[in-house]
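Undergrad: Take this structure first; my questions come after.
The values are calculated or read from the model by the stated rules, or taken from the named source; none is laboratory data. Treat the numbers as computed from the prediction; the structure is a model and nothing was measured. Please note: Cβ atoms are built from the backbone with ideal geometry, for glycine as well, and neighbour counts cover all protein chains shown.
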Amino acid sequence: MSDLLERLRGRGWRLTAQRRVVAEVLDGEHVHLTADEVHARAVGRLPEISRATVYNTLGELVCIGEVLEVATDGRAKRYDPNAHHAHQHLICSGCGAIRDVHPLGDPLAALPEAERFGFTVSGAEITYRGLCPQCTNRP
């Protein structure tokens, strides 16, 4: 479970009713919703929330580093609240489902010095792709 609401309160981020609802919708484990999915769920909790408010709130959360934006091969961007928990992503090439994974080892160590081309490497994003069980079993 992500601790998004707790982190936002700790930062003193002004939690209006709309912002709180967006954060509540995003809170959880393996949450990778599109902006439209966030809006649809938010409307269920706060019917008057606008699509623009959801998009603006997501943009703010990404800018302040509390939510990650995950882009997947031409599909809609998804929003991941687990910005402060080291993880990689496993993406289904069929339906686009995303799961957080925690591979063993340091991905930075896997990049040899000769392949760094003088860069001071500060991070690595690894994306695993494959078919989920539902897509594997489709006729």
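Undergrad: Any idea which of (1) outside the structural domain of residue 13 (by TED's automatic domain parsing); (2) not in a strand (DSSP E or B) is the one residue 73 doesn't satisfy?
TA: With (1) outside the structural domain of residue 13 (by TED's automatic domain parsing); (2) not in a strand (DSSP E or B) applied to residue 73, the lone miss is (1).
Undergrad: Only one of these is within 14 Å of the chain's Cα centre (by Cα) and either farther than 30 Å from residue 9 by Cβ or touching a residue at least 24 places away in the same chain (Cβ under 8 Å) (or both): 62, 70. Name it.
TA: Working: 62 fails: either farther than 30 Å from residue 9 by Cβ or touching a residue at least 24 places away in the same chain (Cβ under 8 Å) (or both).
Selected residue: 70, the only one of 62, 70 that is within 14 Å of the chain's Cα centre (by Cα) and either farther than 30 Å from residue 9 by Cβ or touching a residue at least 24 places away in the same chain (Cβ under 8 Å) (or both).
Undergrad: Which of the residues spanning segment 21-52 are crowded, with 19+ Cβ neighbours inside 10 Å and either among the hydroxyl-bearing types (Ser, Thr, Tyr) or farther than 24 Å from residue 89 by Cα (or both)?
TA: Of everything in segment 21-52, those that are crowded, with 19+ Cβ neighbours inside 10 Å and either among the hydroxyl-bearing types (Ser, Thr, Tyr) or farther than 24 Å from residue 89 by Cα (or both) turn out to be 21, 42, 49.
Undergrad: Right, here's the next one. Just a yes or no: is a residue in segment 57-65 part of a loop (DSSP other than H, G, I, E, B), exposed (fewer than 15 other Cβ atoms within 10 Å of the Cβ) and out of contact with any Ser or Thr (no Cβ under 8 Å at 6 or more places or on another chain)? So that I can check it myself, show each step before the final result.
TA: Keep residues of segment 57-65 that are part of a loop (DSSP other than H, G, I, E, B), which gives 64-65.
Among the residues that remain, those that are also exposed (fewer than 15 other Cβ atoms within 10 Å of the Cβ) are: 64-65.
Checking the rest, the ones that are also out of contact with any Ser or Thr (no Cβ under 8 Å at 6 or more places or on another chain) come to 64-65.
Yes.
Undergrad: If residue 38 passes every condition in (1) in a helix (DSSP H, G or I); (2) modelled with pLDDT under 95; (3) of a type outside the set (Gly, Ala, Ser) but one, which one does it miss?
TA: The failed condition is (2).
Undergrad: Here's something else I'd like to know. Just need a number here: residues in segment 84-106 that are farther than 30 Å from residue 10 by Cα and free of Cβ contacts under 8 Å to residues at least 24 places away in the same chain.
TA: Residues meeting the conditions: 2.
Undergrad: Do we have any residue at all in segment 113-125 that's over 24 Å from residue 27 (Cβ atoms), assigned to a loop (DSSP other than H, G, I, E, B), modelled with pLDDT of 90 or more and among the polar types (S, T, N, Q)?
TA: yes
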